[in-house]
Amino acid sequence: SLPYAAYEKIAHLLAAEADPFLWVMFVWQWNLIARVSNVVTTTFNHMEWSDDHLSTRWSKSKKDQGGKRAFNIALMANPYDWKICPITALAVWLSCNTFNGNALFPGPNQNKRYSEGLKTFLARPDVKTELQEYADLLLGTHSSRKGATNHAAQAGLCADVLMAVLLRGQWDIG
């Protein structure tokens, strides 16, 4: 599980990179509490502005192959730290790319691109130095999802928040 402080530090390091793909994927995965396989399937026709936030949903997921339980997930802007803001990350991604279709992350094997890119990034000596205090953690693509779940579940004052977090992350709750 990725602690919030490590998420913040990694997001800051990724925001400084030349290719925004890893940064956008990382920030979106955390904020959506989503599997990478869902984030890469985000489409423009499933995104909409609703009052003060961006909503998105997926037509299917690991636990809902038919999309019968699909629901909108809100993404809020972070006006205090642009490097962890999913809306800013999206804006940068949109400004750096040309889109011919409906996919936000077009092209084949985006899961693999992200997984291998993140692994390579985290293995770099300069990044290892910056993340030295988290050296004992086994970090990967699932670390963001699990870390975001733990962080969100601990943010509430009552036990009811856990159920809402698990539902948002589409965790199997039996």
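Has region 161-172 got any residue that is part of a loop (DSSP other than H, G, I, E, B), on the phi > 0 side of the Ramachandran plot and modelled with pLDDT under 75?
First pass over region 161-172, keeping only residues part of a loop (DSSP other than H, G, I, E, B): 169-172.
Of the ones still in play, those that are also on the phi > 0 side of the Ramachandran plot are 170.
When the remaining residues are screened for being modelled with pLDDT under 75, the result is 170.
Yes, that holds for at least one residue.
For region 63-76, state whether one or more residues are surrounded by 12 or more Cβ atoms within 10 Å (Cβ to Cβ), at pLDDT below 90, in contact with a Leu (Cβ under 7 Å, 6 or more places away or on another chain) and among the aliphatic types (A, V, I, L, M).
Yes, the conditions are met somewhere in region 63-76.
Cβ-Cβ distance below 9 Å, separation of 6 or more or different chains: which pairs start in region 128-145 with a residue that is in contact (Cβ under 8 Å) with a residue 12 or more places away in the chain and end on one that is aromatic (Phe, Trp, Tyr) and open to solvent by less than 30 Å² (accessible area, probe 1.4 Å)?
Here the result reads THR141/PHE26; THR141/TYR114; SER143/TYR7; SER144/TYR7; SER144/PHE26; SER144/TRP30; ARG145/TRP30, each pair linking region 128-145 to a residue that is aromatic (Phe, Trp, Tyr) and open to solvent by less than 30 Å² (accessible area, probe 1.4 Å).
If I filter region 118-127 for residues that are assigned to a helix (DSSP H, G or I) and in contact with a Ser or Thr (Cβ under 7 Å, 6 or more places away or on another chain), do I get at least one hit?
Step one: list which residues in region 118-127 are assigned to a helix (DSSP H, G or I), which gives 118-123, 125-127.
Checking the rest, the ones that are also in contact with a Ser or Thr (Cβ under 7 Å, 6 or more places away or on another chain) come to 118.
Yes, some residue in region 118-127 is assigned to a helix (DSSP H, G or I) and in contact with a Ser or Thr (Cβ under 7 Å, 6 or more places away or on another chain).
Is it the case that some residue within region 86-93 is crowded, with 16+ Cβ neighbours inside 10 Å and either over 19 Å from the mean Cα position of the chain (by Cα) or farther than 30 Å from ASN45 by Cα (or both)?
Taking every residue of region 86-93 in turn, none turns out to be crowded, with 16+ Cβ neighbours inside 10 Å and either over 19 Å from the mean Cα position of the chain (by Cα) or farther than 30 Å from ASN45 by Cα (or both).
Please determine, by comparing only the residues of region 24-49 that are surrounded by fewer than 21 Cβ atoms within 10 Å (Cβ to Cβ) and hydrophobic (A, V, I, L, M, F, W, C), which one is farthest from the chain's Cα centre (by Cα).
Going through the qualifying residues, I end up with TRP49.
The values are calculated or read from the model by the stated rules, or taken from the named source; none is laboratory data. In this text the structure is predicted, and so the values were computed from the model without any measurement. Virtual Cβ from ideal backbone geometry, glycine too; neighbours counted across all protein chains shown. For accessibility, only protein heavy atoms count, side chains too; no ligands or nucleic acids. Shrake-Rupley method; radii C 1.70, N 1.55, O 1.52, S 1.80 Å.
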